Amino acid sequence: MPTPTPRRPSVRPKAKARRAEGWHGWDDYAPFYDWENARTLGRRDVPFWRNLAVHAGGSVLELGCGTGRISLPLGKAGVHLVGIDRSDAMLERARARVRRAKLAGQVALVRGDIRHLPFADAAVPARRSKDSTRRRTKGASGFSMVMAPYGVLQSLLKERDLAATLEAVHGVLQPGGMFGLELVADLPSWEEYRKRVSLDGWRGRKGGTRVTLVETVRQDRARQRTIFDQTFTETHGRERRVHEFSLTFRTLSVPQMTRRLEKAGFEVTALLGDYRGGPWDPRAEVWVVLARKC
Ligand SMILES: C[S@@+](CC[C@H](N)C(=O)[O-])C[C@H]1O[C@@H](n2cnc3c(N)ncnc32)[C@H](O)[C@@H]1O
C-alpha cells in the first residue's frame, strides 16, 4: 500500500478586512428595519416631514428613502416624491409598499448613490420612469425640496463623500429650494456596550417568529465614527437563523454640518430641536437643519 503523502496544511492568506463604508450593512438590515423602527422611532418624525413637503409646492427628493417609512405617507398626502437609495433590499420593501398603496404615479423609486444624484442639474425624472440610476430628464425645473431624514447623511463616512452629496443636492434643487436634514442626535455621545440584548419580541402574531437583537456599540472618536455590530436571531419552532452585520455612522455635530452647508452654497434658515419647530440646542433630542439654496 502506498503511504499517503502528508497533506501540507493549507496556508491561505487571511481575507482582507473590508473597509467599512456607510452603505454597508443595509441589505442585511432590510428584513428587520421596519420591525426595529416600529419599536424605536416609529412615525414620530413623519408629520414634520409631511408638512414641509406638502408646502414645498413641487417635486420632493428623499435621500436614502430606505423601506419607504417616510416616502409612503408623503405620497399618500399628495406629494410627488422621488426616493433614492443604494440598497436594493431596502428599496424592494418600499416598492412593495408603493404597489400595495397604488401610488406608482406619485412615488418614484430610484436605485442610486446620493453622492452622484442621477438627475440632471435642476431637472426631475419623468414621473413614470422605471427604477434607474441613469435616467435623466433635461429642461424640467428641479426639485422644490430635498430631504435627508433620520441620519441619512451620517452614512457618509468621508469628508469628500459629504461634500459631493451637498454639491449634488445643490445642483438638483430649484433656486431658493429647501434642503431639510436630520442628524441622529445622540450618536456622538452614544455609550459603548458589548452584546446587549436591545430588542426581543415577536414578528407577526405571538407564536410566530421570535426576533432578538443583540448589539455591540463601539465609538471610534479619532475617526468620528459610531459602529453598531448587530446580531438578529430569528427563532421559529426549532428553526434558528442568525444574521450578523455592522452599520457605521459618522458623528457630525450641528455646527459642523452648518459650516459645510454654507460652504456648499446654502443659507441655513432654521436649527430645530424637536418636530414641532422648537429651537435647537446641543442637548436637544432632535437635530434638524433647514437650509435654502442661495
Ligand atoms: C437610516 S436609513 C433611513 C431610511 C428612511 N429615510 C427612513 O427614515 O426610514 C438610511 C438609508 O440610507 C441608505 N444609504 C446609505 N448610504 C447611501 C448612499 N451613499 N447612497 C444612497 N443611499 C444610501 C441606506 O441604504 C438606508 O436605506
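The values are calculated or read from the model by the stated rules, or taken from the named source; none is laboratory data. This is a predicted model, so every value here is computed, not measured. Note: ideal-geometry Cβ built from the backbone for every residue, glycine included; neighbour counts use all protein chains shown. With ligands, DNA and RNA removed, areas are computed over all heavy atoms of the protein, side chains included. Shrake-Rupley method; radii C 1.70, N 1.55, O 1.52, S 1.80 Å.
Note down the accessible area of LYS195, probe 1.4 Å, to the nearest 10 Å².
Approximately 140 Å² for this residue.
Accessible area per residue for the chain in Å², computed with a 1.4 Å probe and the full protein assembly in place, what is it?
Working: 16030 Å² over 294 residues.
Per residue, the chain has an accessible area of 55 Å².
Whenever you get a sec, compute what percent of the accessible area on the range 187-249 sits on carbon and sulfur atoms (1.4 Å probe).
Numbers: 1800 of 4040 Å².
Carbon plus sulfur share of accessible area: 45 percent.
Please arrange ARG283, ARG111 by accessible surface area, largest first, computed with a 1.4 Å probe and ligands excluded. Mind dumping the intermediate values first?
On the way: ARG283 205, ARG111 105 Å².
Per-residue accessible area, sorted high to low, gives ARG283, ARG111.
Report, largest value first, the span of the C-alpha coordinates of the range 187-249 along each principal axis, in whole Å.
Here the Cα extents, ordered largest to smallest, are 44, 17, 16 Å.
Which value at 222 nm does the chain reach when only helices count, each DSSP H run of 4 or more adding -39,500 (n - 2.57), with the total divided by all residues and rounded to the nearest 500 deg cm²/dmol? Walk me through the numbers before you get to the answer.
On the way: 6 runs with 65 residues, N = 294.
-6500 deg cm²/dmol, from helical runs alone.
If you average the alpha carbon positions of the range 236-267 and of the range 57-78, how far apart do those two centres end up, in angstrom?
That distance is 19 Å.
Sequence gap at least 6, Cα distance under 8 Å: using those rules, report the relative contact order of the chain to the nearest whole percent. Mind showing how you got there, number by number?
Values: 595 pairs, mean separation 44.6, N = 294.
Across the chain, relative contact order equals 15 percent.
What is the distance, in nm, between label points placed 7 Å from the Cα along the Cα-to-Cβ direction at VAL197 and at GLU239?
Reported label-point gap for VAL197 and GLU239 is 2.3 nm.
So how many Lys-Lys pairs in the chain land under 23 Å Cα to Cα, not counting same-chain pairs under 8 apart?
Qualifying lysine pairs in the chain: 9.
What number does the chain give for Rg over Rh if you use C-alpha atoms and the Kirkwood radius? Don't skip to the answer; put the middle values down first.
Numbers: Rg = 21.3 Å, Rh = 20.5 Å.
My calculation puts Rg/Rh at 1.04.
To the nearest 20 debye, what charge dipole does the chain have about its Cα centre, counting +1 at the Cβ of each Lys and Arg and -1 at the Cβ of each Asp and Glu?
Working: 53 positive and 32 negative charges, 233 e Å.
Rounded to the nearest 20 debye, it is 1120 debye.
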